[in-house]
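Following: one structure in structure tokens, then a few remarks.
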Amino acid sequence: MNFSELKKSITTITESKSKTSNKLQSICDLLKAEVDYYNWAGFYFKNGDKNELKLAEFAGKPTEHVIIPFGKGICGQVAVSNQNFVVQDVTEQNNYISCGFQVKSEIVVPIFVNGKNIGQIDIDSHSTNPFSDKDEDFLEFVCKKVATLFDN
Ligand code: SME
């Protein structure tokens, strides 16, 4: 599936009648299955009123990094910066939390509900330099659709 087809599938998932957690799981499964260089896909959300992220649904290898303090790693930095973070080569990052030697690159895109950063989508790849503007555009689309699930 290309990104245009994937966008349609994401819309179908988010507008379906299933529970939010099932929708998020379906999105992770879809992304990991359909984009060959997406080897891990998951959602982190702000953990209540704590300044930390908590792992929610994901597809791929389980990670021990279930809680990530704001500011720590790529994910924690996005919680603070409110901006996409594209890491084409993780060896170039000092503030990075490794989820295994196979992971070579990572992209994190924040999710905004009413202007507030509530969490993020995190993609790990086993390839170096795999991401382009198209990934950012696509993942921003995914995050906007996911935001509608929390907008009440
Ligand atoms: N690499 C991330 C940690 C989360 S895992 O990729 C699942 C980071 O540096 O924040």
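Between residues in segment 94-107 that are at pLDDT below 95 and residues that are near the ligand (Cβ under 10 Å from one of its atoms) and in a loop (DSSP other than H, G, I, E, B), which pairs lie under 7 Å by C-beta distance while being six or more apart or on different chains?
Cys99/Thr63; Cys99/His65; Gly100/Lys61
So which residues in segment 108-134 are open to solvent by less than 10 Å² (accessible area, probe 1.4 Å), in contact (Cβ under 8 Å) with a residue 40 or more places away in the chain and under 19 Å from Ala33 (Cα atoms)?
Ile121, Asp122, Ile123, Asp124, Ser125
Where in segment 46-152 are the strands (runs of 3 or more DSSP E), entirely inside, with at least 1 residues that are out of contact with any His (no Cβ under 6 Å at 6 or more places or on another chain), over 29 Å from Glu15 (Cβ atoms) and of a type outside the set (Phe, Trp, Tyr)?
Once the strands (runs of 3 or more DSSP E) in segment 46-152 are filtered for at least 1 residues that are out of contact with any His (no Cβ under 6 Å at 6 or more places or on another chain), over 29 Å from Glu15 (Cβ atoms) and of a type outside the set (Phe, Trp, Tyr), what remains is 52-59, 67-69, 85-87, 105-113.
Hey, among the residues in segment 63-94 that are near the ligand (Cβ under 8 Å from one of its atoms) and out of contact with any strand residue (DSSP E or B) (no Cβ under 8 Å at 6 or more places or on another chain), which one's least open to solvent (accessible area, probe 1.4 Å)?
Of everything passing the filter in segment 63-94, Gly73 is least open to solvent (accessible area, probe 1.4 Å).
Sort out which residues of segment 41-57 are closer than 20 Å to Lys19 by Cα, in contact (Cβ under 8 Å) with a residue 40 or more places away in the chain and within 11 Å of the ligand (Cβ to nearest atom), and write them in order of number.
Ala41, Gly42, Phe43, Tyr44, listed by residue number.
The values are calculated or read from the model by the stated rules, or taken from the named source; none is laboratory data. Only a predicted model underlies this, so the values are computations on that prediction, with no experimental measurement involved. Because the Cβ atoms are built from the backbone with ideal geometry, glycine has one as well, and the counts that use them run over all protein chains shown. For accessibility, only protein heavy atoms count, side chains too; no ligands or nucleic acids. Shrake-Rupley method; radii C 1.70, N 1.55, O 1.52, S 1.80 Å.
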